[in-house]
1. Answer with yes or no whether A:SER3 is modelled with pLDDT under 90, among the polar types (S, T, N, Q) and part of a helix (DSSP H, G or I).
2. Please count how many residues of segment B:176-205 are closer than 23 Å to B:LEU108 by Cβ, modelled with pLDDT of 80 or more and of a type in the set (A, V, I, L, M, F, W, C).
3. Starting from residues that are within 25 Å of the chain's Cα centre (by Cα) and more than 9 Å from chain A (Cβ to nearest Cβ), keep the ones in segment B:89-127 and report whichever is nearest to A:VAL209 (Cα to Cα).
4. Among the residues of segment A:35-57, is there at least one that is modelled with pLDDT of 90 or more, part of a helix (DSSP H, G or I) and touching a Gly at 6+ places or on another chain (Cβ under 9 Å)?
5. Which condition from (1) acidic (Asp, Glu); (2) in contact with a Phe, Trp or Tyr (Cβ under 6 Å, 6 or more places away or on another chain); (3) touching a residue at least 60 places away in the same chain (Cβ under 8 Å) is the one that A:ASP205 breaks?
6. Scan segment B:247-272 for residues that are over 18 Å from B:ILE81 (Cα atoms) and among the hydrophobic types (A, V, I, L, M, F, W, C) and jot them down.
Amino acid sequence: MKSSLIKSTVIFLGLFFLYFPILVLIFYSFNENKRVMVWKGFSLRWYNELFNNEQIIEAFIISIKIAALSATFATILGVMIGYSLVRIRKIPFKSFYIFLSSTPLVLPELILGLSMLLFFISLNNVIGFPSSRGQLTIFISHVTFCIAFVAIIIQARLTDFNKNIEEAAMDLGYNYTKVLYKITLPIILPSIIAGWLLAFTISLDDLVVASFTTGPGANTLPIVVFSKVRLGLSPEVNALSAILMFALIIIGLFYFYFNKKFKH
Amino acid sequence: MKNKLFEKYFVFSPYFWLVLFFFIPLAIIFKISISVSEWGMPPYQDIFLFDNGFKINTTFENYVYIFTDYYYIGSFVNSLILALISTFFCLLIGFPLAFYIATSNIRLRNILLVLVVVPFWSSFLLRVYAWKIILQNNGILNVILLNLGITSEPLQLLYNQYAVIMGIVYTYLPLMILPLYGYLNKFDLNLIEASKDLGLNRIKTFFKVILPLSVPGIVAGSLLVFIPVVGEFIIPEMLGGSDRLYYGKILWEEFFVNRNWPGASALAFSGIIILVLPIVIFQILYSRWSQKNEI
């Protein structure tokens, strides 16, 4: 009796801690007052201003575009890595391969961002491309660090499922490519979708790497939001937060759905 | 033979991408970190000089400069301490949560797990921003403290190191809970019963049975929190004040404000060597070892 009381209390307090700030943010987004902290009354005013704020809308579109593209590329390359690490025996310099595909997971974003920026500048000095930084350079950087997240999901999924199915299909006359497209890929499809969703969210959310690799005409949403709230509060950002958090949490739920499906 | 071609395609496409866009950039950081700095654009000299015959023009001065100046070392130490404290609090809050989730019945367990991780999916920047609202002078926390009579005037909760720790523990907590849960979930609850039957009390059971078995999860979770926190830039920038400087901020300013590229690169590369390399080597050795033992 006593221990189950402790248990419920711990879980309740934990969840309260996790959700309280999000609820506060949503609550204040309905505040009529321009001064965020002084409650004046319920209003949708800031949602209205948000949708009329061209800077934010433009940044949002750029962010979605970069996120969708880099998630797609990162998923293709990440699936290849996951597959290689589990199913292909002969990988030249395998330790180096593992190093390349796992280090972006632990490398602080700041170091990654700096290295990408210096790389693009050096590349420009050598071959004259990219002459200026912008959406393309953010895209390349995001693909690079999202690959690792997709690879780890695919790797886990492939290690989980029985290789015998693939071997049985081969015995029945399927060739290598056919096994891959007809057996392996359909089985890991939920994980591929989960990987894409994760990469999409990471790219959409990234501020640090994008700040380093951005250029004219490539202000992503986090960059715009950060410039608005770095020194103070912004009622428009409150409204944006409420919408974005809701959308992202739904993406998160989809991620769980796909990542767990067919697992047991 | 088609297989071989196929395998090559699968292995080498990402290989090529990562060498080009990940390894070479890291190598460039190293190159610039040993270059001689000068005024100009780019603000460093080439490491290979060809004017009077071939000469290699490198220096370790940038490293000496960083490691002898208290400004840099102090900030790095500040970041390490911050990461240590934050990791400790994440563990303190995360462990009981992970433990109780893992010991719930299976339906409740999945719901709780999703509930714990879902906030992690919402924007990182906005979750930090939420704390900025909560900790304002006329924010909700101060209102509660005033109404309870704990303080008579609003406390300055924002723009100091405690606000930074608060923000970090909040945003990184799910990264601690997930690996902990992963290990606790695997373990046999009967062990706890058994140890109770054998006469160990609660505290002893915890220290002799539960804790030793969850060490791998504790290590994994702590690393996932500790390393990124050392390089954290956004949270100290949003919630911190001028009372403490951290590694991320110093690196950012060295590059963007002081325009000292070699210095910033030396800072970044030192960070890689001190923080990241030991863990990556450990991971590679571990995965090789576990592969060998499987076969």
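The values are calculated or read from the model by the stated rules, or taken from the named source; none is laboratory data. In this text, all values refer to a predicted model and were calculated from it rather than measured experimentally. We place every Cβ from the backbone using ideal geometry, glycine too, and count neighbours over all the protein chains shown.
1. Details: modelled with pLDDT under 90: yes; among the polar types (S, T, N, Q): yes; part of a helix (DSSP H, G or I): yes.
For A:SER3, the condition - modelled with pLDDT under 90, among the polar types (S, T, N, Q) and part of a helix (DSSP H, G or I) - is met.
2. 5
3. Step by step, filter segment B:89-127, then rank; the result is B:CYS90.
4. The answer is no, given that none of the residues of segment A:35-57 is modelled with pLDDT of 90 or more, part of a helix (DSSP H, G or I) and touching a Gly at 6+ places or on another chain (Cβ under 9 Å).
5. Going through (1) acidic (Asp, Glu); (2) in contact with a Phe, Trp or Tyr (Cβ under 6 Å, 6 or more places away or on another chain); (3) touching a residue at least 60 places away in the same chain (Cβ under 8 Å) one by one, A:ASP205 breaks only (3).
6. Answer for segment B:247-272, where residues must be over 18 Å from B:ILE81 (Cα atoms) and among the hydrophobic types (A, V, I, L, M, F, W, C): B:TRP252, B:PHE255, B:PHE256, B:VAL257, B:TRP261, B:ALA264, B:ALA266, B:ALA268, B:PHE269.
Let's see how each residue does on (1) surrounded by fewer than 20 Cβ atoms within 10 Å (Cβ to Cβ); (2) within 11 Å of chain B (Cβ to nearest Cβ); (3) not in a helix (DSSP H, G or I):
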site: A:PHE212; (1), (2), (3): no, yes, no
site: A:ALA218; (1), (2), (3): no, no, yes
site: A:PRO222; (1), (2), (3): no, yes, no
site: A:LYS228; (1), (2), (3): yes, yes, no
site: A:LEU231; (1), (2), (3): yes, yes, yes
site: A:VAL237; (1), (2), (3): no, yes, no
site: A:ALA247; (1), (2), (3): yes, yes, no
site: A:ILE251; (1), (2), (3): yes, yes, no
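Residues checked against (1) farther than 25 Å from B:TRP252 by Cα; (2) out of contact with any Asp or Glu (no Cβ under 6 Å at 6 or more places or on another chain); (3) surrounded by fewer than 19 Cβ atoms within 10 Å (Cβ to Cβ):
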position: A:LEU112; (1), (2), (3): no, yes, no
position: A:ASN124; (1), (2), (3): no, yes, yes
position: A:GLY134; (1), (2), (3): no, yes, yes
position: A:THR137; (1), (2), (3): no, yes, no
position: A:SER141; (1), (2), (3): no, yes, no
position: A:PHE145; (1), (2), (3): no, yes, no
position: A:ILE154; (1), (2), (3): yes, yes, no
position: A:LEU158; (1), (2), (3): yes, yes, no
